[in-house]
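The values are calculated or read from the model by the stated rules, or taken from the named source; none is laboratory data. Since the structure is predicted, the reported quantities are computational estimates derived from the model, not experimental observations. Positions of Cβ are backbone-derived with ideal geometry, glycine not excepted, and every protein chain shown enters the neighbour counts. Just the protein is used for accessible areas: all its heavy atoms, side chains included, with ligands, DNA and RNA removed. Shrake-Rupley method; radii C 1.70, N 1.55, O 1.52, S 1.80 Å.
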Amino acid sequence: MFRATLLTLFPSMFPGPLGQSLAGDGLARGLWALEARDIREQGLGKHRAVDDTPAGGGPGMVMRADVLAASLDAAAQPDDPRPRLIMSPRGKPFSQGLARAWAAGPGLVILCPRFEGVDERVIAGRGLIEVSIGDYVLSGGEVAALAILDACVRLIPGVMGKEASGAEESFESGLLEYPQYTRPREWEGLSIPDVLLSGDHAKIAAWRRAEAERITRERRPDLLAPFARGP
Ligand code: ADE
């Protein structure tokens, strides 16, 4: 079973949105599991300190390697096969490919930092994989961890039900998704493209493919690069 362990200063942020809808139903049905642990349990002293001032000076605070290592060691045995991630805007970009690989595995241990950063030594010291969900800065790793888990959990067999086939979704085919329509046939003077009402399944498939290519070319030409490459 896919087991997610989160290390955070805000355990009440979990399961959050992952406790709702299909992910939440899957959690309740035991298709996956989530545990949120408070890093402060391994904090130091009366105030359970988890951070300190940066070596070399400068603004903000840095999360201590000894505290984070103790939190990780309490959460996962050394032989735990799950990848250990640390959320960071300087990390490896998250992708549908990583979601597929991680969803097929035993789960994830995810460290969610706050403050200016973490003591660099804990990253190599505990074999952490730095992962980013995009080129912008969040106030902490929790929202990034929720995004990663959402993308993984929906791929777990049984979580999504019938819609899970997903082969036509954005990024699964390598193209962005084609436009969709439903009733009413006319809405505010706008109609559904005739081909979709034609009943001609080959024509419909060709139209969808062409639209997916057009939208991908307009919005994300970088995704087409692998197709353009010669042999
Ligand atoms: N923490 C802060 N910003 C982040 C980002 N873009 N991705 C992952 N973790 C983060």
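So here's what we get for this one:
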read-out: Flag for residue 71 being touching a Gly at 6+ places or on another chain (Cβ under 8 Å) and surrounded by 19 or more Cβ atoms within 10 Å (Cβ to Cβ); value: no
read-out: Complete set of residues in segment 123-138 that are more than 6 Å from the ligand (Cβ to nearest atom) and within 18 Å of residue 7 (Cα to Cα); value: 123, 124, 125, 126, 127, 128, 129, 130, 131
read-out: Elements of type helices (runs of 4 or more DSSP H) contained in segment 113-231, each with 3 or more residues being touching a residue at least 40 places away in the same chain (Cβ under 8 Å) and open to solvent by less than 20 Å² (accessible area, probe 1.4 Å); value: 142-153
read-out: Conditions (1) over 15 Å from residue 88 (Cα atoms); (2) within 13 Å of the ligand (Cβ to nearest atom): number failed by residue 142; value: (1)
read-out: Residue list for segment 78-112, filter: among the hydroxyl-bearing types (Ser, Thr, Tyr) and either open to solvent by 40 Å² or more (accessible area, probe 1.4 Å) or on the phi > 0 side of the Ramachandran plot (or both); value: 95
read-out: Matching entry among 205, 212, 151 (being in contact with an Asp or Glu (Cβ under 8 Å, 6 or more places away or on another chain), hydrophobic (A, V, I, L, M, F, W, C) and either away from the ligand (no atom under 16 Å from the Cβ) or more than 30 Å from residue 52 (Cβ to Cβ) (or both)); value: 212
read-out: Those residues of segment 86-108 which are outside any helix (DSSP H, G or I) and more than 15 Å from the ligand (Cβ to nearest atom), in sequence order; value: 104, 105, 106, 107
read-out: Complete set of residues in segment 12-37 that are closer than 17 Å to residue 76 by Cβ and open to solvent by less than 40 Å² (accessible area, probe 1.4 Å); value: 14, 32, 33, 36
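Conditions (1) in contact with a Lys or Arg (Cβ under 6 Å, 6 or more places away or on another chain); (2) over 21 Å from residue 121 (Cα atoms); (3) of a type outside the set (Phe, Trp, Tyr), marked per residue:
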site: 12; (1), (2), (3): no, yes, yes
site: 19; (1), (2), (3): no, yes, yes
site: 48; (1), (2), (3): yes, no, yes
site: 59; (1), (2), (3): no, no, yes
site: 65; (1), (2), (3): yes, no, yes
site: 76; (1), (2), (3): no, no, yes
